[in-house]
Amino acid sequence: MNDEIAARITATGTRPALAELTTELLGKKSDLSARKARLGTLSPEERKEEGRRLNEEREAIEAALAARRAELEAAERNARYDAERLDLTEVVPHLRRGHLHLVTQTLEELEDIFIGMGFTVAEGPVVETDWYNFGALNFPVGHPARNMYDTLYVDLGEPESTVLRTHTSPVQIRVMEDREPPIYSIMPGLVHRRDTTDASHLPNFHQIEGLVVDRGITFGDLAGTLDAFTHAYFGGDIASRLRPSYFPFTEPSAEFDVTCVFCKGAGCRTCGKTGWLELGGCGMVHPNVLTNVGIDPEEWSGFAFGFGPERMALMKHGINDIRELITNDIRFLEQF
Ligand code: FA5
(Lines give C-alpha, C1' and ligand atoms only; values in the text may rest on other atoms or scores of the structure.)
Protein backbone atom coordinates (compact mmCIF):
# COMPACT_ATOMS: atom_id res chain seq x y z
CA MET A 1 0.00 0.00 0.00
CA ASN A 2 1.51 3.30 -0.99
CA ASP A 3 1.49 6.44 1.15
CA GLU A 4 -1.15 8.12 -0.93
CA ILE A 5 -3.67 5.32 -0.31
CA ALA A 6 -2.84 5.28 3.39
CA ALA A 7 -3.40 9.08 3.58
CA ARG A 8 -6.75 8.84 1.74
CA ILE A 9 -7.97 6.16 4.15
CA THR A 10 -6.99 8.21 7.20
CA ALA A 11 -8.58 11.35 5.73
CA THR A 12 -11.98 9.70 5.16
CA GLY A 13 -14.38 11.21 7.70
CA THR A 14 -17.64 9.21 7.41
CA ARG A 15 -18.62 5.57 7.08
CA PRO A 16 -20.45 5.99 3.70
CA ALA A 17 -17.34 7.72 2.29
CA LEU A 18 -15.23 4.86 3.62
CA ALA A 19 -17.54 2.33 1.95
CA GLU A 20 -17.06 4.16 -1.38
CA LEU A 21 -13.31 4.18 -0.94
CA THR A 22 -13.39 0.44 -0.13
CA THR A 23 -15.14 -0.24 -3.46
CA GLU A 24 -12.65 1.99 -5.27
CA LEU A 25 -9.62 0.27 -3.71
CA LEU A 26 -10.80 -3.35 -3.58
CA GLY A 27 -13.80 -3.62 -5.98
CA LYS A 28 -14.01 -5.03 -9.49
CA LYS A 29 -12.86 -1.76 -11.08
CA SER A 30 -9.98 -1.26 -8.69
CA ASP A 31 -6.32 -1.11 -9.63
CA LEU A 32 -5.77 -4.30 -7.61
CA SER A 33 -8.45 -6.19 -9.60
CA ALA A 34 -7.02 -4.95 -12.91
CA ARG A 35 -3.56 -6.12 -11.87
CA LYS A 36 -5.00 -9.46 -10.79
CA ALA A 37 -6.69 -9.88 -14.18
CA ARG A 38 -3.34 -9.30 -15.86
CA LEU A 39 -1.63 -12.09 -13.86
CA GLY A 40 -2.42 -14.60 -16.62
CA THR A 41 -0.29 -12.64 -19.08
CA LEU A 42 2.84 -12.93 -16.93
CA SER A 43 5.48 -15.62 -16.91
CA PRO A 44 5.16 -18.21 -14.08
CA GLU A 45 8.00 -16.55 -12.16
CA GLU A 46 6.59 -13.01 -12.47
CA ARG A 47 3.07 -14.27 -11.75
CA LYS A 48 4.19 -15.79 -8.46
CA GLU A 49 5.99 -12.61 -7.44
CA GLU A 50 3.18 -10.27 -8.56
CA GLY A 51 0.54 -12.55 -6.89
CA ARG A 52 2.37 -12.39 -3.58
CA ARG A 53 2.66 -8.58 -3.82
CA LEU A 54 -1.04 -8.23 -4.71
CA ASN A 55 -2.02 -10.31 -1.67
CA GLU A 56 0.18 -8.26 0.64
CA GLU A 57 -1.20 -4.99 -0.70
CA ARG A 58 -4.80 -6.19 -0.42
CA GLU A 59 -4.22 -7.31 3.19
CA ALA A 60 -2.56 -4.00 4.09
CA ILE A 61 -5.42 -1.99 2.54
CA GLU A 62 -8.06 -4.17 4.22
CA ALA A 63 -6.35 -3.74 7.60
CA ALA A 64 -6.10 0.06 7.18
CA LEU A 65 -9.79 0.26 6.12
CA ALA A 66 -10.89 -1.91 9.08
CA ALA A 67 -8.91 0.22 11.51
CA ARG A 68 -10.42 3.44 10.11
CA ARG A 69 -13.93 1.89 10.20
CA ALA A 70 -13.47 1.04 13.88
CA GLU A 71 -12.34 4.62 14.60
CA LEU A 72 -15.35 6.11 12.81
CA GLU A 73 -17.77 3.75 14.59
CA ALA A 74 -16.32 4.68 17.98
CA ALA A 75 -16.57 8.38 17.17
CA GLU A 76 -20.20 7.97 16.08
CA ARG A 77 -21.03 6.02 19.23
CA ASN A 78 -19.48 8.69 21.45
CA ALA A 79 -21.35 11.44 19.62
CA ARG A 80 -24.61 9.52 20.17
CA TYR A 81 -23.87 8.98 23.87
CA ASP A 82 -23.14 12.69 24.25
CA ALA A 83 -26.39 13.60 22.54
CA GLU A 84 -28.42 11.14 24.66
CA ARG A 85 -26.72 11.92 27.99
CA LEU A 86 -29.07 12.91 30.85
CA ASP A 87 -27.48 15.17 33.45
CA LEU A 88 -29.16 13.94 36.60
CA THR A 89 -27.42 16.59 38.68
CA GLU A 90 -28.80 19.38 36.58
CA VAL A 91 -30.75 22.02 38.55
CA VAL A 92 -33.61 23.44 36.56
CA PRO A 93 -33.48 27.10 37.61
CA HIS A 94 -37.20 27.78 38.08
CA LEU A 95 -37.91 24.63 40.15
CA ARG A 96 -37.01 24.76 43.83
CA ARG A 97 -36.15 21.62 45.72
CA GLY A 98 -38.64 20.65 48.45
CA HIS A 99 -37.99 18.91 51.76
CA LEU A 100 -39.88 17.09 54.46
CA HIS A 101 -42.36 19.12 56.52
CA LEU A 102 -41.11 20.21 59.94
CA VAL A 103 -43.58 17.88 61.68
CA THR A 104 -42.35 14.89 59.65
CA GLN A 105 -38.75 15.85 60.39
CA THR A 106 -39.63 16.05 64.10
CA LEU A 107 -41.31 12.64 64.08
CA GLU A 108 -38.28 11.10 62.36
CA GLU A 109 -35.91 12.73 64.84
CA LEU A 110 -37.97 11.50 67.81
CA GLU A 111 -38.06 7.98 66.37
CA ASP A 112 -34.29 8.04 65.82
CA ILE A 113 -33.65 9.02 69.45
CA PHE A 114 -35.86 6.25 70.86
CA ILE A 115 -34.55 3.65 68.42
CA GLY A 116 -31.08 4.63 69.67
CA MET A 117 -32.31 3.89 73.20
CA GLY A 118 -33.43 0.39 72.16
CA PHE A 119 -37.13 1.00 71.41
CA THR A 120 -38.98 -0.49 68.43
CA VAL A 121 -41.63 1.43 66.46
CA ALA A 122 -45.26 0.24 66.22
CA GLU A 123 -48.37 1.69 64.60
CA GLY A 124 -52.13 1.27 65.00
CA PRO A 125 -55.35 2.39 63.28
CA VAL A 126 -56.62 6.00 63.41
CA VAL A 127 -60.27 4.83 63.42
CA GLU A 128 -60.63 2.92 66.68
CA THR A 129 -63.27 1.17 68.71
CA ASP A 130 -64.45 2.67 71.97
CA TRP A 131 -62.86 -0.33 73.71
CA TYR A 132 -59.32 0.37 72.52
CA ASN A 133 -59.52 4.16 72.83
CA PHE A 134 -61.18 4.11 76.27
CA GLY A 135 -62.43 0.79 77.73
CA ALA A 136 -59.20 -1.21 77.73
CA LEU A 137 -57.43 1.88 79.05
CA ASN A 138 -59.52 1.77 82.23
CA PHE A 139 -62.08 4.44 81.28
CA PRO A 140 -65.37 2.78 82.26
CA VAL A 141 -68.46 3.85 80.25
CA GLY A 142 -69.78 7.09 81.70
CA HIS A 143 -66.53 7.76 83.60
CA PRO A 144 -65.95 11.54 83.84
CA ALA A 145 -62.35 11.10 82.60
CA ARG A 146 -63.76 10.51 79.11
CA ASN A 147 -64.62 14.20 79.09
CA MET A 148 -60.87 14.94 79.10
CA TYR A 149 -61.05 14.19 75.40
CA ASP A 150 -63.35 16.02 73.02
CA THR A 151 -64.02 12.92 70.98
CA LEU A 152 -65.03 12.77 67.33
CA TYR A 153 -67.28 9.77 66.64
CA VAL A 154 -67.55 7.84 63.39
CA ASP A 155 -71.07 6.94 62.28
CA LEU A 156 -70.50 3.17 62.30
CA GLY A 157 -72.07 0.38 64.35
CA GLU A 158 -73.68 1.20 67.71
CA PRO A 159 -73.81 4.95 68.49
CA GLU A 160 -70.47 6.15 69.93
CA SER A 161 -68.84 2.72 69.45
CA THR A 162 -66.35 3.89 66.79
CA VAL A 163 -64.10 6.91 67.29
CA LEU A 164 -61.29 8.81 65.61
CA ARG A 165 -58.65 7.99 68.19
CA THR A 166 -58.16 10.86 70.62
CA HIS A 167 -54.68 9.72 71.60
CA THR A 168 -52.08 7.09 70.65
CA SER A 169 -52.60 5.17 73.92
CA PRO A 170 -54.90 2.57 72.23
CA VAL A 171 -51.82 1.38 70.32
CA GLN A 172 -50.34 0.41 73.73
CA ILE A 173 -53.19 -2.09 74.08
CA ARG A 174 -52.65 -3.47 70.57
CA VAL A 175 -48.91 -3.86 71.16
CA MET A 176 -49.45 -5.63 74.50
CA GLU A 177 -52.02 -7.96 72.90
CA ASP A 178 -49.63 -8.79 70.06
CA ARG A 179 -46.40 -9.31 72.00
CA GLU A 180 -45.09 -10.89 75.12
CA PRO A 181 -43.15 -8.66 77.52
CA PRO A 182 -40.47 -7.39 77.74
CA ILE A 183 -41.77 -4.55 75.55
CA TYR A 184 -39.88 -1.36 74.67
CA SER A 185 -41.90 0.38 71.97
CA ILE A 186 -42.85 3.80 70.68
CA MET A 187 -46.02 4.45 68.69
CA PRO A 188 -46.20 7.61 66.62
CA GLY A 189 -49.37 8.66 64.81
CA LEU A 190 -52.13 11.12 64.02
CA VAL A 191 -54.91 11.81 66.55
CA HIS A 192 -58.09 13.90 66.39
CA ARG A 193 -60.04 15.93 68.93
CA ARG A 194 -62.87 18.41 68.82
CA ASP A 195 -60.41 21.04 70.06
CA THR A 196 -60.72 24.65 68.94
CA THR A 197 -57.67 25.80 67.03
CA ASP A 198 -55.58 28.39 68.86
CA ALA A 199 -51.88 29.18 69.32
CA SER A 200 -51.22 25.87 71.12
CA HIS A 201 -54.06 23.59 69.94
CA LEU A 202 -54.92 21.87 66.67
CA PRO A 203 -57.91 19.54 66.09
CA ASN A 204 -55.65 17.10 64.18
CA PHE A 205 -52.19 16.58 65.58
CA HIS A 206 -49.63 13.87 66.26
CA GLN A 207 -48.67 12.05 69.39
CA ILE A 208 -45.81 9.73 70.10
CA GLU A 209 -46.60 7.11 72.67
CA GLY A 210 -43.96 5.20 74.61
CA LEU A 211 -44.47 1.90 76.39
CA VAL A 212 -42.13 -0.20 78.50
CA VAL A 213 -43.23 -3.44 80.19
CA ASP A 214 -40.62 -5.55 81.91
CA ARG A 215 -39.80 -7.06 85.28
CA GLY A 216 -39.01 -4.58 88.05
CA ILE A 217 -39.72 -1.36 86.10
CA THR A 218 -40.08 1.62 88.47
CA PHE A 219 -41.06 5.28 88.35
CA GLY A 220 -37.30 6.02 88.51
CA ASP A 221 -36.88 4.27 85.13
CA LEU A 222 -39.61 6.49 83.68
CA ALA A 223 -38.01 9.69 85.02
CA GLY A 224 -34.53 8.62 83.85
CA THR A 225 -35.78 7.72 80.35
CA LEU A 226 -37.58 11.05 79.96
CA ASP A 227 -34.56 12.98 81.23
CA ALA A 228 -32.21 11.18 78.81
CA PHE A 229 -34.68 11.86 76.02
CA THR A 230 -34.96 15.59 76.91
CA HIS A 231 -31.21 16.05 76.70
CA ALA A 232 -30.97 14.09 73.44
CA TYR A 233 -33.73 16.13 71.78
CA PHE A 234 -33.40 19.62 73.26
CA GLY A 235 -29.75 19.66 74.35
CA GLY A 236 -28.05 19.85 77.72
CA ASP A 237 -29.42 23.21 78.91
CA ILE A 238 -33.07 22.11 78.93
CA ALA A 239 -34.24 20.31 82.08
CA SER A 240 -37.35 18.16 82.57
CA ARG A 241 -39.67 17.71 85.53
CA LEU A 242 -42.65 15.54 86.41
CA ARG A 243 -45.78 17.02 88.00
CA PRO A 244 -48.51 14.88 89.59
CA SER A 245 -51.49 14.43 87.29
CA TYR A 246 -54.26 11.98 86.50
CA PHE A 247 -54.85 9.51 83.68
CA PRO A 248 -57.12 6.47 84.20
CA PHE A 249 -54.59 4.14 82.53
CA THR A 250 -51.56 5.10 84.63
CA GLU A 251 -51.05 5.13 88.38
CA PRO A 252 -49.28 7.19 89.56
CA SER A 253 -49.62 9.65 86.67
CA ALA A 254 -47.61 12.74 85.86
CA GLU A 255 -47.39 15.63 83.47
CA PHE A 256 -43.99 15.95 81.77
CA ASP A 257 -42.63 19.52 81.50
CA VAL A 258 -39.39 20.93 80.09
CA THR A 259 -37.67 24.27 80.73
CA CYS A 260 -39.40 27.00 78.68
CA VAL A 261 -37.17 27.48 75.64
CA PHE A 262 -38.36 31.06 75.14
CA CYS A 263 -37.23 32.41 78.55
CA LYS A 264 -34.87 29.57 79.56
CA GLY A 265 -36.87 29.13 82.77
CA ALA A 266 -37.07 32.79 83.85
CA GLY A 267 -40.83 32.99 83.25
CA CYS A 268 -42.52 34.62 80.23
CA ARG A 269 -45.95 34.97 78.61
CA THR A 270 -45.63 31.73 76.59
CA CYS A 271 -45.04 29.60 79.70
CA GLY A 272 -47.51 31.56 81.83
CA LYS A 273 -44.61 32.87 83.95
CA THR A 274 -43.90 29.34 85.26
CA GLY A 275 -40.61 28.79 83.40
CA TRP A 276 -41.90 25.36 82.24
CA LEU A 277 -43.78 24.08 79.20
CA GLU A 278 -45.92 20.93 79.15
CA LEU A 279 -44.87 18.28 76.64
CA GLY A 280 -46.98 15.27 77.51
CA GLY A 281 -48.45 12.88 80.02
CA CYS A 282 -46.93 9.77 81.54
CA GLY A 283 -47.09 7.31 84.41
CA MET A 284 -46.83 3.71 85.53
CA VAL A 285 -49.12 1.41 83.54
CA HIS A 286 -52.25 0.77 85.67
CA PRO A 287 -52.58 -2.87 86.84
CA ASN A 288 -56.13 -2.95 85.40
CA VAL A 289 -54.69 -2.17 81.94
CA LEU A 290 -52.16 -5.01 82.23
CA THR A 291 -54.95 -7.35 83.36
CA ASN A 292 -57.13 -6.26 80.39
CA VAL A 293 -54.47 -7.56 77.98
CA GLY A 294 -53.66 -10.72 79.96
CA ILE A 295 -50.35 -9.57 81.46
CA ASP A 296 -49.90 -10.47 85.13
CA PRO A 297 -49.33 -7.21 87.08
CA GLU A 298 -47.72 -9.21 89.90
CA GLU A 299 -44.95 -10.32 87.55
CA TRP A 300 -44.62 -7.36 85.19
CA SER A 301 -44.69 -3.60 85.60
CA GLY A 302 -44.28 -0.79 83.12
CA PHE A 303 -44.44 2.86 82.28
CA ALA A 304 -46.00 4.80 79.42
CA PHE A 305 -45.83 8.32 78.07
CA GLY A 306 -47.52 10.33 75.33
CA PHE A 307 -45.94 13.47 73.86
CA GLY A 308 -47.12 16.01 71.31
CA PRO A 309 -44.55 16.26 68.47
CA GLU A 310 -46.05 19.51 67.11
CA ARG A 311 -45.51 21.20 70.46
CA MET A 312 -42.01 19.75 70.64
CA ALA A 313 -41.19 21.22 67.23
CA LEU A 314 -42.47 24.63 68.41
CA MET A 315 -40.29 24.49 71.48
CA LYS A 316 -37.18 23.28 69.76
CA HIS A 317 -37.36 25.96 67.06
CA GLY A 318 -38.78 28.82 69.13
CA ILE A 319 -42.06 29.04 67.14
CA ASN A 320 -44.82 30.67 69.18
CA ASP A 321 -47.94 29.65 67.22
CA ILE A 322 -48.81 26.02 66.38
CA ARG A 323 -50.99 27.20 63.48
CA GLU A 324 -47.83 28.06 61.52
CA LEU A 325 -47.42 24.29 61.05
CA ILE A 326 -50.63 23.93 59.05
CA THR A 327 -50.93 27.23 57.16
CA ASN A 328 -48.46 25.99 54.55
CA ASP A 329 -46.77 29.36 54.08
CA ILE A 330 -43.72 28.43 52.08
CA ARG A 331 -41.71 31.32 53.59
CA PHE A 332 -42.20 29.70 57.00
CA LEU A 333 -41.72 26.08 55.92
CA GLU A 334 -38.54 26.65 53.93
CA GLN A 335 -36.72 27.82 57.08
CA PHE A 336 -36.59 24.26 58.42
C1 FA5 B 1 -52.87 12.05 76.47
O2 FA5 B 1 -53.36 12.09 75.33
C3 FA5 B 1 -52.43 10.77 77.07
N4 FA5 B 1 -52.82 9.66 76.23
C5 FA5 B 1 -50.91 10.82 77.29
C6 FA5 B 1 -50.40 9.69 78.11
C7 FA5 B 1 -49.84 8.59 77.50
C8 FA5 B 1 -50.45 9.73 79.49
C9 FA5 B 1 -49.34 7.54 78.24
C10 FA5 B 1 -49.96 8.69 80.27
C11 FA5 B 1 -49.40 7.61 79.63
P12 FA5 B 1 -52.93 14.63 76.80
O13 FA5 B 1 -54.35 14.84 76.45
O14 FA5 B 1 -52.36 15.50 77.87
O15 FA5 B 1 -52.59 13.15 77.19
O16 FA5 B 1 -52.06 14.85 75.49
C17 FA5 B 1 -50.68 14.59 75.43
C18 FA5 B 1 -49.95 15.67 74.65
O19 FA5 B 1 -50.52 15.82 73.35
C20 FA5 B 1 -50.05 17.07 75.24
O21 FA5 B 1 -49.14 17.24 76.30
C22 FA5 B 1 -49.71 17.91 74.06
O23 FA5 B 1 -48.31 17.96 73.84
C24 FA5 B 1 -50.35 17.16 72.94
N25 FA5 B 1 -51.67 17.74 72.64
C26 FA5 B 1 -52.83 17.55 73.29
N27 FA5 B 1 -53.83 18.24 72.73
C28 FA5 B 1 -53.29 18.89 71.67
C29 FA5 B 1 -53.80 19.76 70.66
N30 FA5 B 1 -55.09 20.06 70.59
N31 FA5 B 1 -52.96 20.26 69.72
C32 FA5 B 1 -51.64 19.90 69.76
N33 FA5 B 1 -51.09 19.09 70.67
C34 FA5 B 1 -51.90 18.58 71.62
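The values are calculated or read from the model by the stated rules, or taken from the named source; none is laboratory data. Just so it is clear, the model here is predicted, and its values are computed rather than measured. Quick reminder, even Gly has a Cβ in these numbers, built from the backbone with ideal geometry, and neighbours come from all protein chains shown. Each accessible area value is taken on the protein alone, full model and side chains, heavy atoms only, with ligands, DNA and RNA left out. Shrake-Rupley method; radii C 1.70, N 1.55, O 1.52, S 1.80 Å.
Using a 1.4 Å probe on the protein chains only, how many percent of the accessible area of the range 102-333 belongs to carbon and sulfur?
Ligands and nucleic acids excluded, carbon and sulfur give 51 percent.
With the contact rule set at Cα under 8 Å and sequence spacing of 6 or more, what percent relative contact order holds for the range 102-333?
For the range 102-333, the relative contact order is 20 percent.
Using a 1.4 angstrom probe on the protein heavy atoms only, line up 185, 43 by accessible area, largest first.
Descending accessible area places them as 43, 185.
Give the Debye-formula value of log10 I(q)/I(0) at each listed q (0.14 Å⁻¹), with one equal scatterer per alpha carbon of the chain, two decimals each.
With one equal scatterer per Cα and no solvent, log10 I(q)/I(0) is -1.11.
Taking the mean number of other Cβ atoms within 10 Å as a proxy for protection, how do you rank 224-237, 115-128, 72-85 from highest to lowest?
For the peptides 224-237, 115-128, 72-85, the packing ranking is 224-237, 115-128, 72-85.
Given the range 1-94, report the % of alpha carbon pairs whose separation exceeds 17 Å.
Tail fraction, whole percent: 61.
Among 292, 282, 271, which residue has its Cα positioned farthest towards the positive end of the charge dipole of the range 177-323, with +1 placed on the Cβ of Lys and Arg, -1 on the Cβ of Asp and Glu, and the dipole taken about the Cα centre?
About the Cα centre, the residue reaching furthest to the positive side is 271.
Pull the list of the chain cysteines that no other Cys approaches to under 4.7 Å, Cβ to Cβ.
282
Would you mind checking which residues have amide H under 5 Å from residue 276's amide H? H placed 1.01 Å from N; only 5 or more apart, or other chain.
Sorted by chain and number, the residues that satisfy this are 260.
Multiply the residue separation of residue 84 and residue 161 by 0.36 nm, subtract the distance between their alpha-carbon atoms, and state the gained length in nm to one decimal.
The residue 84-residue 161 span can extend by a further 21.6 nm.
Number of Lys-Lys pairs in the chain under 16 Å by Cα, sequence gap 8 or more or different chains?
Lysine pair count for the chain: 4.
Where in the chain are the helices, taken as whole DSSP H runs, whose Cα atoms extend 20 angstrom or more along the long axis and whose Kyte-Doolittle mean reaches at least 1.0?
none
Given 0.36 nm per residue, what is the gain on full extension from residue 19 to residue 145 after removing their alpha carbon distance, in nm?
36.1 nm
Given only helices, namely DSSP H runs of n ≥ 4 each adding -39500 (n - 2.57), what is the per-residue ellipticity at 222 nm of the chain, to the nearest 500 deg cm²/dmol?
Computed mean residue ellipticity for the chain: -12500 deg cm²/dmol.
When the expected Rg is taken as 2.2 N^0.38 Å, what fraction or multiple of it is the alpha-carbon Rg of the range 202-336?
Normalised Rg, Cα atoms only: 1.18.
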